[in-house]
Amino acid sequence: MSGTKLSSIEESARPMLRVGLVLFLTLPYLIWLERLAGWDVPALSEIWPLAALSIKQSLFSSVLAMVAGFVLFLGFQGFSKRGTAELVLLLPNMIPPLFIGLSLLSWVTPFPYGLLAVVLAHALVNSGLVAVALDRVVQARLRGMAEVAWLLGSSRWRFWREIGWPQLKGDVACIFLFVFSVCLTSFSFPLLLAGGKLVTLEMAIFNAIRVEGRWDKAVIMAALQSVILLTLAWSLPHSFWPTRRRITGLHFLAVKSMRILLFLPALLVALGWLKSLRKLPEVSAEIVAACLSSLALGLAAGVLTLALLIAVAYVSPHDRFKRFLNGYLAPSPTITGFALLLVPGGDFIKLVVALTLISLPILYRWIVHSSLQSLEPQIVMARTLGASWRMIFTDVVWPQTGESLLRAAGVASVWASADFALTGIVMGNLSTLPLVIEDFIGRYQIEVAETLLLPLVVIGLTLYGFFVSAWGWAFFTARHRKSIL
């Protein structure tokens with residue numbers, strides 16, 4: 001096949017692939033539009049109190065996460081080993097909600113289920129992410145100004161008031177919006193920590209389907225939630241996560257007395273689990289089967305996530321497609337799970353698709369977008385010089401973004417292997433280790449449930465290591481050998 005004909009095929013295939021990705025990501029809504037025969041639009045007075053309560057929870061969670069994240073950011077600037085400190089900060093955000101929830105349950109007896117518990121869980125998870133995001137944007141935009149202000153003897157307060165805040169308002173708004181969106185669409189924490197109370201719109205959507213049988217009402221509430229988030233996100237389309245981190249911190253902004261606080265979120269999670277770890281769980285056929293199911297589920301979700309992210313990287317850059325991915329948070333987990341129940345197919349495949357649908361948009365905005373964004377000048381230059389899209393991907397995009405794509409797939413595999421909320425909706429006859437743990441929680445056998453987290457930790461580390469280290473090494477080694485030949 002001639003190069004001209006192959007290039008023509010690529011040019012026509014790229015728009016079709018972009019459309020296919022958009023259709024796949026919006027699949028739950030398309031299923032509901034096709035399956036629901038009639039629509040009974042609920043009154044605004046029926047929906048608004050639920051939406052207001054969910055917005056209240058998300059605001060409290062986001063504000064607390066932003067405040068705590070800023071404190072952690074100040075301590076972060078005093079660390080010399082910034083790679084280690086960044087990993088510690090991001091650890092709670094990478095850990096599945098089941099770990100966070102069980103750790104919190106172990107600290108207080110009786111546990112205060114409800115709005116406060118959900119807010120604290122969200123703040124614990126997202127404060128480290130906020131700190132690292134603030135570090136990236138401050139380093140990228142204010143490093144020179146901070147060093148000059150330090151030399152001129154300016155105080156920290158004056159720097160933040162006259163330089164920092166005016167320069168970073170848009171970036172802070174983007175970070176806040178991301179955290180707000182994650183909290184608004186959260187399902188696992190309310191399901192585990194709310195104690196049956198309606199503290200989020202997700203729980204209202206779940207109850208509308210499971211308790212009331214009002215499928216149309218649930219879809220309308222989920223669509224309203226998505227429209228709100230999409231409108232807000234499109235008003236702030238640029239990335240909150242610059243690509244490169246600096247080796248050294250900004251000592252002018254550092255508050256060294258706060259350095260110890262960097263370890264607090266991770267310690268709360270780890271110690272909350274370890275302090276109740278009495279003995280290894282008894283190995284039974286049920287637990288072995290559940291472990292294998294969780295391992296297979298995480299692996300399949302990671303592979304599908306990687307394939308989709310590779311497709312996204314191949315069809316990029318494209319302004320409207322990029323704005324869509326930055327603005328589209330994900331369908332409601334509840335709506336996604338029940339939508340896929342309406343289509344034929346195996347439970348395992350439907351569950352893999354559902355888990356990928358709800359995690360991919362978050363992982364794109366968090367890990368992948370900034371890497372792809374930084375390559376746009378190189379891609380434009382390569383196209384100007386006559387390079388094909390296939391050559392651009394293999395020689396420019398993949399070598400520089402492959403690590404980010406594999407890391408995102410690794411995180412997706414960990415989340416999928418430890419999911420219990422969406423799995424409980426779609427699973428059918430499939431039994432996974434998180435569902436076994438949730439069953440023990442429902443029987444108030446918290447210590448047994450926490451002990452069973454040990455094999456789940458091993459599964460998660462194995463999957464993450466497979467994508468980030470082993471498979472990544474194989475891909476890059478193959479690429480290196482090809483370049484030598």
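All conditions in (1) at pLDDT below 80; (2) within 30 Å of ASP419 (Cα to Cα); (3) surrounded by fewer than 24 Cβ atoms within 10 Å (Cβ to Cβ) hold for THR200, with the sole exception of (3).
Against the numbered list (1) at pLDDT 80 or above; (2) under 25 Å from ASN207 (Cα atoms); (3) assigned to a helix (DSSP H, G or I), ASP419 comes up short only at (3). Taking the stated definitions as given, is PHE159 touching a residue at least 60 places away in the same chain (Cβ under 8 Å) and buried (at least 23 other Cβ atoms within 10 Å of the Cβ)? The answer is no for PHE159. Evaluating PHE321 against the criteria (1) modelled with pLDDT of 85 or more; (2) hydrophobic (A, V, I, L, M, F, W, C); (3) surrounded by fewer than 21 Cβ atoms within 10 Å (Cβ to Cβ); (4) within 28 Å of VAL426 (Cβ to Cβ) leaves one unmet condition, (4). Among the residues of segment 370-417, those that are of a type in the set (D, E, K, R) and under 18 Å from HIS318 (Cα atoms) comprise GLU376, ARG383, ARG390. Note on segment 340-368: residues that are assigned to a loop (DSSP other than H, G, I, E, B) and either touching a residue at least 40 places away in the same chain (Cβ under 8 Å) or not assigned by TED's automatic domain parsing to the domain that holds LEU25 (or both) amount to 2.
The selection criterion, being at pLDDT 80 or above, under 25 Å from the mean Cα position of the chain (by Cα), surrounded by fewer than 17 Cβ atoms within 10 Å (Cβ to Cβ) and assigned to a helix (DSSP H, G or I), holds for GLU403.
Considering (1) within 30 Å of ILE95 (Cα to Cα); (2) not in a helix (DSSP H, G or I), the lone condition that SER154 does not fulfil carries the number (1). Return yes when GLY298 is under 30 Å from ILE437 (Cβ atoms), in the same structural domain as THR462 (by TED's automatic domain parsing), assigned to a loop (DSSP other than H, G, I, E, B) and not aromatic (Phe, Trp, Tyr) and no when it is not. Taking the combined requirement at face value, the residue does not satisfy it. Residue-level check: of (1) buried (at least 17 other Cβ atoms within 10 Å of the Cβ); (2) out of contact with any Gly (no Cβ under 8 Å at 6 or more places or on another chain), ALA354 misses just (2).
Is there a residue being assigned to a helix (DSSP H, G or I), among the aliphatic types (A, V, I, L, M) and at pLDDT 80 or above anywhere in segment 468-480? Checked against the condition, which is being assigned to a helix (DSSP H, G or I), among the aliphatic types (A, V, I, L, M) and at pLDDT 80 or above, segment 468-480 yields at least one hit. In the set LEU74, LEU25, LEU30, only one residue is within 30 Å of SER388 (Cα to Cα), surrounded by 12 or more Cβ atoms within 10 Å (Cβ to Cβ) and not basic (Lys, Arg); that residue is LEU25. Residues of segment 428-445 that are buried (at least 17 other Cβ atoms within 10 Å of the Cβ) and closer than 24 Å to GLY195 by Cβ: THR432, LEU433, PRO434, LEU435, VAL436, ILE437, GLU438, PHE440, ILE441. Just one residue in the set ILE287, ILE335 is surrounded by 14 or more Cβ atoms within 10 Å (Cβ to Cβ), of a type in the set (A, V, I, L, M, F, W, C), more than 30 Å from GLU34 (Cα to Cα) and modelled with pLDDT of 75 or more; that residue is ILE287.
Residue by residue, here is whether (1) in a loop (DSSP other than H, G, I, E, B); (2) modelled with pLDDT of 85 or more; (3) crowded, with 21+ Cβ neighbours inside 10 Å; (4) in the same structural domain as MET258 (by TED's automatic domain parsing) holds:
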site	(1), (2), (3), (4)
ALA85	no, no, yes, yes
LEU98	no, no, yes, yes
THR109	yes, no, no, yes
PRO112	yes, no, no, yes
ALA131	no, yes, yes, yes
LEU134	no, yes, yes, yes
ALA140	no, no, no, yes
ARG143	no, no, no, yes
GLU147	no, no, no, yes
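Which ones in segment 246-273 are β-branched (Val, Ile, Thr) and modelled with pLDDT of 65 or more? Once the filter is applied, which keeps residues that are β-branched (Val, Ile, Thr) and modelled with pLDDT of 65 or more, segment 246-273 yields VAL255, ILE260, VAL269. Consider VAL211 carefully, then state whether it is over 22 Å from LEU230 (Cα atoms), β-branched (Val, Ile, Thr) and not assigned by TED's automatic domain parsing to the domain that holds PRO331. Yes, satisfied.
So that you can scan it fast, the table gives a plain yes or no per residue for (1) surrounded by 19 or more Cβ atoms within 10 Å (Cβ to Cβ); (2) out of contact with any Gly (no Cβ under 7 Å at 6 or more places or on another chain); (3) of a type in the set (D, E, K, R); (4) under 27 Å from LEU102 (Cα atoms):
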position	(1), (2), (3), (4)
ALA173	no, yes, no, no
SER181	yes, yes, no, yes
PRO190	yes, yes, no, yes
ILE205	yes, yes, no, yes
ARG210	no, yes, yes, yes
ALA218	yes, yes, no, no
ALA223	no, yes, no, no
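One residue is enough: does segment 368-378 have a residue meeting the conditions surrounded by 16 or more Cβ atoms within 10 Å (Cβ to Cβ), more than 24 Å from ASN126 (Cβ to Cβ), more than 14 Å from the chain's Cα centre (by Cα) and of a type outside the set (D, E, K, R)? For segment 368-378, residues surrounded by 16 or more Cβ atoms within 10 Å (Cβ to Cβ), more than 24 Å from ASN126 (Cβ to Cβ), more than 14 Å from the chain's Cα centre (by Cα) and of a type outside the set (D, E, K, R): present.
The values are calculated or read from the model by the stated rules, or taken from the named source; none is laboratory data. Note that this is a predicted model, so its numbers are computed, not measured. Note that we place each Cβ from the backbone using ideal geometry, even for glycine, and neighbour counts take in every protein chain shown.
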